[in-house]
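Okay, structure first, notes after.
The values are calculated or read from the model by the stated rules, or taken from the named source; none is laboratory data. Keep in mind that what you see is a predicted model, and the values were worked out from it rather than measured. Glycine also receives a Cβ, built like all others from the backbone with ideal geometry; neighbour counts cover every protein chain displayed. When the accessible area is computed, the model is the full protein with side chains, heavy atoms only, and any ligands, DNA or RNA have been set aside. Shrake-Rupley method; radii C 1.70, N 1.55, O 1.52, S 1.80 Å.
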Amino acid sequence: MRTQLKSTVVAVAIGGLTLTSVAACGRGGSDGGKSSNSGAAAKIAIVTRDFSNPYWAALRDGAIAEGKAQGVKVTVKAGSNETDSQGENAEIQTLAGQDYNCFGVVPVNATNVITPLVPVARKKIPILNLDTQIDPAASKKAGVSYASFIGSDNLSAGEQAGKQLLKALGGKSDVGILQGIAGEKNGINRETGFKKVTKGKLKVVSSQPADYDQNKGLTVATAMLQAHPSITGIFAANDTMGLGAAQAVKNAGKEGKVKIISVDGIKAMLKSVKTGKNTGTITQYPYAEGQMAVQACIAKVQGKKIPSRVVAPIAYIDSSNVAKATSSFPKPFGPFDDPFGTPKSSK
């Protein structure tokens, strides 16, 4: 992992002062990119999908913790479930009518949040696209632009999962894929990356959506194993589905015979990897994403330039490093490049 900061980015804290202290002194960015908000305190609204999913709860917790550390107000809202685009949009509409001066948004799909963000964009309030890519062409047509995208490289996550499942299976095998929400970009990228590195080696005999839901993961994986008893490996596009797959494998009496690798690195999955029920997880760090979203908003409100794209860290966790990952949770267990401050690590 990279540990060096990008030299072109101004740190969000100077001389031990919080950003709110710097702003109060009128010392906005020195890069010549001051905006009319320079000197204002950040008031940040973040809307994500569903707090019942530990992944989004971790993003919320990271954002709130960073807000407290920086002395700024952070409000985080969500829909009622992974596919609740209407509920998410309603939260954005409500917050858009209040006095927030920076927004961070995780969409349910590529286009659902664009319309409720139009009033925000018209006020020239900076918007961060978090975790899941919002359609750029549709956004441009609606007059909505994004100050930055902050999220993991999901294509790379899928590639890493494919390489690790290949290794665990020792070569050719029949496998199944538990997709996320049909049409959702992160899941598509993970599956694309997985298939790219396993093509001609692992045969995908079944690939079906399970909506990032544990119970649906159990149901779909159960049907897969019944229809294709030759399956010896499962790739799940997120950990909750991976946990459901592990239960399906156990119910089928195939524990130890079917390898399962998923994506996210939630605490329940770390425990499952430690006990051997799941093979491994490509951990993402939504807690760090939440922290960086707040850091980016603070910098943007101060009139500083921020990167147009920030890649959050990912890493593979299996039995060899799960103890270290667990002890650091929800923070990354190794250093990573934080363009808004100093290199971050668990220690």
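Overview of values
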{"quantity": "Residue 188, sole failed condition from (1) open to solvent by 60 Å² or more (accessible area, probe 1.4 Å); (2) over 25 Å from residue 82 (Cα atoms); (3) aliphatic (A, V, I, L, M)", "calculated": "(2)"}
{"quantity": "Filtered residue count, region 276-308, keeping only those that are assigned to a strand (DSSP E or B) and under 12 Å from the mean Cα position of the chain (by Cα)", "calculated": "3"}
{"quantity": "Enumeration of residues in region 278-303 that are open to solvent by less than 10 Å² (accessible area, probe 1.4 Å), over 18 Å from residue 152 (Cβ atoms) and not small (Gly, Ala, Ser)", "calculated": "278, 297, 298, 301, 302"}
{"quantity": "Failed condition for residue 111, given (1) under 25 Å from residue 236 (Cβ atoms); (2) among the polar types (S, T, N, Q); (3) open to solvent by 30 Å² or more (accessible area, probe 1.4 Å); (4) part of a loop (DSSP other than H, G, I, E, B)", "calculated": "(1)"}
{"quantity": "In region 154-184, residue farthest from residue 234 (Cα to Cα) [restricted to those that are modelled with pLDDT of 95 or more and open to solvent by 60 Å² or more (accessible area, probe 1.4 Å)]", "calculated": "155"}
{"quantity": "Yes/no for residue 141 being over 30 Å from residue 220 (Cα atoms) and free of Cβ contacts under 8 Å to residues at least 12 places away in the same chain", "calculated": "yes"}
{"quantity": "Top-ranked residue of region 118-136 - restricted to ones that are open to solvent by 50 Å² or more (accessible area, probe 1.4 Å) and within 12 Å of residue 102 (Cβ to Cβ), ranked as nearest to the chain's Cα centre (by Cα)", "calculated": "124"}
{"quantity": "Qualifying positions in region 232-263 - open to solvent by 10 Å² or more (accessible area, probe 1.4 Å) and outside any loop (DSSP other than H, G, I, E, B)", "calculated": "232, 240, 243, 246, 247, 250, 251, 259"}
{"quantity": "Qualifying residue in region 162-177 (condition: closer than 18 Å to residue 92 by Cβ, over 18 Å from the mean Cα position of the chain (by Cα) and outside any loop (DSSP other than H, G, I, E, B))", "calculated": "no"}
{"quantity": "Failed condition for residue 273, given (1) farther than 23 Å from residue 333 by Cβ; (2) open to solvent by less than 10 Å² (accessible area, probe 1.4 Å); (3) outside any strand (DSSP E or B); (4) aliphatic (A, V, I, L, M)", "calculated": "(1)"}
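Here's the yes/no breakdown for (1) of a type in the set (A, V, I, L, M, F, W, C); (2) in contact with a Ser or Thr (Cβ under 9 Å, 6 or more places away or on another chain); (3) within 19 Å of residue 62 (Cα to Cα):
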{"site": "244", "(1), (2), (3)": "no, yes, no"}
{"site": "250", "(1), (2), (3)": "no, no, no"}
{"site": "255", "(1), (2), (3)": "no, no, no"}
{"site": "259", "(1), (2), (3)": "no, yes, no"}
{"site": "265", "(1), (2), (3)": "no, yes, yes"}
{"site": "285", "(1), (2), (3)": "no, yes, yes"}
{"site": "301", "(1), (2), (3)": "yes, yes, no"}
{"site": "308", "(1), (2), (3)": "no, yes, no"}
